[in-house]
1. What net charge is computed for the residues neighbouring Ala192, neighbours being all others with C-beta under 11 Å from the C-beta of Ala192, Lys and Arg scored +1, Asp and Glu -1?
2. Residue separation times 0.36 nm, minus the C-alpha to C-alpha distance between Asp14 and Lys198: what's the value?
3. Give the distance, in whole Å, between the Cα centre of the stretch 268-309 and the Cα centre of the stretch 207-221.
4. If you roll a 1.4 Å probe over the chain with all protein chains in place, what percent of the accessible area is carbon or sulfur?
5. Take the chain, connect every pair of alpha-carbon atoms lying under 10 Å apart with a spring to form a Gaussian network, then pick out the residue of Gln28, Gln69, Gln86 with the largest mean-square fluctuation.
6. With unit charges on the beta carbons (Lys and Arg positive, Asp and Glu negative) and the dipole taken about the Cα centre of the stretch 80-219, which residue among Tyr101, Pro193, Ile124 sits farthest to the positive side?
7. Under the classification rounded if a/c is under 1.5, otherwise prolate if a/b is larger than b/c and oblate if not, where does the stretch 144-280 fall, given a ≥ b ≥ c as square roots of the Cα gyration tensor eigenvalues?
8. For the chain, set up a GNM with springs between Cα atoms under 10 Å and report which of Gly73, Gly163, Gly281 has the largest fluctuation.
Amino acid sequence: MKHFINLKDIPSKDLRKIIVDAKQRKKQRKKLNILEPDKGSPLKGKMLVQMFEKASSRTRISFYLAIKQLGGGTLTLRSNELHLGQGGETIADTAKILSTYGDGFMLRTDDDKKIDDFQKHLTIPIINGLSPSSHPTQVLSDIFTVEEIKKKPISKLKICWIGDSNNVLDSLIAASVKFSFRLSIGCPKKFAPSNKVKDWVSKNKKKIFIYHDPKKAALDADVIFSDKVISLNDKVNKKRKKRHFQKFKIKKEIFNYAKKNCIFLHCLPRGDEVEEDVFLGKNSHVWQQALNRVHVQKSILLYCFGKLR
Ligand code: CP
Ligand code: NVA
């Protein structure tokens with residue numbers, strides 16, 4: 001049984017297999033309607049339970065479509081509707097029940113330990129649908145999008161992140177090690193990646209550079225990524241944090257430092273870290289990026305269910 005919790009714990013060859021499968025599946029279902037299953041319905045009769053402790057639009061809907069297109073179905077829960085969410089049941093008991101009723105479990109949570117605890121007690125695979133330390137399904141899908149648009153392996157590209165050192169960046173850092181691409185990070189000193197993340201990077205001796213000047217980070221970039229300065233349930237002083245990020249706001253001018261055909265990606269939802277004319281401009285591929293979540297998550301589900309081609 002394979003879980004999908006953190007990119008750094010998944011072998012590179014498995015991550016690459018997921019991307020290859022997603023590419024083939026996306027191509028093969030071009031003529032199908034959105035709810036029509038892929039040929040052979042590989043997850044026919046299977047049920048994915050998804051539980052959200054935080055808001056979600058894309059992850060929720062894309063997992064619904066993903067399992068549906070594989071021939072299965074989903075049940076979506078809010079934790080506060082369960083005994084677990086109200087403190088009336090242990091994770092161990094809930095995990096046993098989920099393993100009895102479902103075939104896979106996707107969890108979005110504010111607490112990484114909860115994912116570990118569920119993993120211990122589940123007999124079905126668990127997928128991390130965003131936690132404080134990681135957003136692995138998003139970032140694997142983003143690698144797919146970059147390669148789809150650039151028509152090159154990501155290892156041949158220069159990737160830039162301008163923004164907060166958050167869960168999405170942590171997964172992008174892990175991806176940089178797994179897929180061996182150059183990653184330049186532009187962030188304020190006070191909001192740089194944690195020492196734990198930096199230690200992991202230096203142990204893995206990879207191509208990751210941190211700048212406190214967005215122009216330096218964007219130099220020669222093929223892709224510029226960003227994300228909200230204030231993440232869901234971020235407990236900081238929001239006004240103060242936003243002040244630190246003022247000179248990191250993505251404006252059209254930043255693309256003068258990047259490569260000519262540099263693209264802009266953002267996982268959404270967005271805040272004021274990016275100007276409207278960049279977000280909706282010609283370099284931006286954010287809608288294609290969002291749609292690709294469906295395609296890549298299908299192959300993640302197949303990986304977890306032991307059915308990857
Ligand atoms: N990008 C992303 O995960 O969006 P949601 O929060 O809407 O799921
Ligand atoms: N970093 C953001 C990502 C949202 C998809 C958050 O955690 O809220």
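1. Summing Lys/Arg as +1 and Asp/Glu as -1 gives +2.
2. Gain on stretching Asp14 to Lys198: 63.8 nm.
3. So the two Cα centres are separated by 23 Å.
4. 52
5. Gln86
6. Pro193
7. Because a/c hits 1.5 or more and a/b fails to exceed b/c, the stretch 144-280 counts as oblate.
8. Sorting by GNM fluctuation, first place goes to Gly281.
The values are calculated or read from the model by the stated rules, or taken from the named source; none is laboratory data. Fair warning: this is a prediction, and the values are worked out from it, not measured in the lab. All Cβ positions, glycine included, derive from the backbone under ideal geometry; neighbour counts span all protein chains shown. Just the protein is used for accessible areas: all its heavy atoms, side chains included, with ligands, DNA and RNA removed. Shrake-Rupley method; radii C 1.70, N 1.55, O 1.52, S 1.80 Å.
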